[in-house]
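Take a look at the structure below.
None of the figures in this text is laboratory data; all of them are computed from the coordinates on show. No experiment lies behind these values; they were computed from the predicted model shown. As a convention, Cβ positions derive from the backbone with ideal geometry for all residues, glycine included, and neighbour counts pool all protein chains shown.
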Amino acid sequence: KAFVEGDEVSVQSFYMQNGEITNRQYLVFLNSLKTSGQLEKFKIVQIDTNQWARPDGFNTAYAKYYHSHPAYLDYPVVNVSHAGALLYCEWLNENMGTVNGLPGGYKFRLPERAEYIRAARGDNPSVNYSWGSNLLRNEDGQIQCNFLQFGSENIHKDLKTNKYELVNLDVDFGDLSGSVDIVAPSESYWPNEYGIYNLNGNVAEMISEDGIALGGSYQNTGYDVRIESKSTYSNPNPITGFRVVMTFIPSEK
């Protein structure tokens, strides 16, 4: 069962990858298509490094190195299309063979929204984050995921309306430091009870529904990296990646 916006939804049994698909994994996929002569698919699944471009030039190095430098091979692949993610799943289905010696058929695919939420929330319908809490820090004061942080110095209260506003919004993630990675490795911070990393923050994750991503990214604030946080996208971009789920079809005796 999954609890989606307060409603209980049934989901089938599935396995979910413990981290987002990495640059390393996606590059193997790209190379396989290229060497096997599947050039039409190869065009579709290309990484659009131009999406790193920013007016201040902060991301120039990312455009050049992020998707190919050894230092970033285990970071989430981004700047890929939904069609590219689907073809990656198709390629897995064609090339993985028997998985861990388990009998029967299987299917790799992008998760349904309810499956993503089930993997992140577990059996607790009241938590906002996959570490089983509604707080962004653990008991030792450590931040639990990769998100855009604002402090009290950025919050203004209008005493006439009793409403709060964020100020100094020109100070964004790009001003943190040239030495700070804006994306974290695919398996970073701490896994949830199922051993799955980064279901909140880091990169928003595509689901089976085209144009919808869940979990928020490093550019989102804490409220927008909740389990049910939903964002939309229309093109490849540097804040959206994906991971896959796998469903087994037991062999008939």
Which value in Å does the Kirkwood hydrodynamic radius of region 10-65 take, with 1/r averaged over all unlike C-alpha pairs and then inverted?
-> 14.1 Å
Dipole magnitude of region 12-151, debye to nearest 20 (Cβ charges: Lys/Arg +1, Asp/Glu -1, about Cα centre) | 260 debye
In this model, which of Lys64/Lys107; Lys34/Lys230; Lys163/Lys230; Lys41/Lys64 are farther than 32 Å apart at the alpha-carbon?
-> Lys64/Lys107; Lys34/Lys230
Highest-first arrangement of 115-123, 153-161, 40-48, 208-216, where packing means the average Cβ count within 10 Å = 115-123, 208-216, 40-48, 153-161
Inverse mean reciprocal Cα-Cα distance (Kirkwood Rh) of region 110-171, Å = 14.7 Å
Env charge @ Leu110, Cβ radius under 13 Å, K,R +1 / D,E -1, value -3
